[in-house]
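To start, the structure itself, in structure tokens.
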Amino acid sequence: MRISATIFLTDETITPTRLARELEQRGFAGLYLPEHTHIPVERVTPYPAGGELPPEYGRTLDPFVALGQAAAVTERLGLGTGITLVAQHDPIDLAKQIATVDHLSGGRLTLGLGFGWNVEEAADHGVEWRTRRELVRDRMALMRALWSEEPTAYKGEFGSVRASHAYPKPVRGQRGPRTLVGGAAGPKLFAHICEYADGWLPIGGRGLTESLPVLRAAWADAGRDPAALQIVPYAIFPTPGKLAHYADLGIEEVVVQLPPAGEAEVLRVLDDYAPFQ
């Protein structure tokens, strides 16, 4: 099983270059980074995990800039977002960012995307909460038009682009990098995964025994290749039993959680995770 890692990289933590080098040297499969553009002080939306929102949420580095640094100092390490808040981006700019990181890294990028949970953050980007899922679908289609080999126009419900010259292209071409959708199990989420993604990025990895058969059935009903579906449990705290359970479910990659801390503490946790490699 491939073991990747995620961390809230901030202006106070270990640097992207130091962490990326350590992960590659230690045999980790990848580095996934979350995204929050800002956290409004006046908040109504509760923190999904309960309690006070941890301070690192308001201090996160831009994931594509940080992953670009990580790509520059590694050769094999996978690079991923966990997750990109697609609704909060101009899709033309985002298509360029994604394609550039994927191109410069030799196709090592995984686009983890999601619909968000912080209503106030999304509102500042002009996102209407009730239509955010449809907005993400629309923006994915627009970006793939820009990634097409030939100039391709796109006109959707939320945006459009003229047939354009847009380079670089992602290594996989029009479909873009491997795309995983994050979020809680349910028919709406699974419909999005089956329509335009390569798999699911379930945070915490709980309840997969019950939810995976449902997703696999929806995937097959959509005419997708059963062998192509990828499930990557995200932000988990590994134990031998948990990893064995995932392996029994046919899962080939997991993403373990690192603390949003300085170099010494992060490296200590990587040492603790060494037996799972």
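The values are calculated or read from the model by the stated rules, or taken from the named source; none is laboratory data. All figures in this text were calculated on a predicted structure; none of them were measured in a lab. Cβ placement follows ideal geometry from the backbone for every residue including glycine, while neighbour counts extend to all protein chains displayed. Surface areas here come from the heavy atoms of the whole protein model, side chains and all, with no ligands, DNA or RNA. Shrake-Rupley method; radii C 1.70, N 1.55, O 1.52, S 1.80 Å.
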Most mobile of Y47, Y246, Y32 in a GNM of the chain (Cα contacts under 10 Å): Y47
Solvent-accessible heavy-atom area per residue, rounded to whole Å², over the chain at 1.4 Å: 47 Å²
Whether the range 164-263 is rounded, prolate or oblate, judged on the alpha carbon gyration tensor where a/c under 1.5 counts as rounded: oblate
Paramagnetic reach from I39 (point 7 Å along Cα→Cβ, amide N under 15 Å) across the range 51-76: 51-62
DSSP bridge pairs, the chain: antiparallel proportion in percent, nearest 5: 10 percent
Shape of the range 72-176, Cα gyration tensor, a/c cut at 1.5: oblate
Anisotropy class of the range 1-41 from Cα gyration tensor, a/c 1.5 cut: oblate
Choice from L201, L258, L180 with maximal GNM fluctuation in the chain (Cα, 10 Å cutoff): L258
Pairwise FRET efficiency - D225 versus F158, Cβ, R0 = 35 Å, nearest 0.05: 0.75
Reach of K169 by Cα under 13 Å, taken over aspartates and glutamates that are not fewer than 8 positions away in the same chain: D102, E149, E150
GNM top mover of A71, A222, A122 - the chain, alpha-carbon springs below 10 Å: A222
R0 of 35 Å, Cβ-Cβ distance E75-T131: FRET efficiency to nearest 0.05: 0.25
Coil-residue trypsin sites (Lys or Arg not before Pro) of the range 11-117, DSSP, other Cβ within 10 Å capped at 15: R26, R43, R76
At most 11 other Cβ within 10 Å, DSSP loop - GluC sites (Glu not before Pro), the range 143-234: E149, E157
Point-charge dipole on Cβ atoms (K/R +1, D/E -1) for the chain, about Cα centre, debye to 20: 680 debye
Sulfur and carbon atoms: percent of accessible area, the chain [1.4 Å]: 53 percent
Length released on extending from V119 to E265, taking residue separation times 0.36 nm less the Cα-Cα span: 49.3 nm
MRE, 222 nm, helices only [DSSP H, n ≥ 4, -39500 (n - 2.57), over the chain, to nearest 500]: -11000 deg cm²/dmol
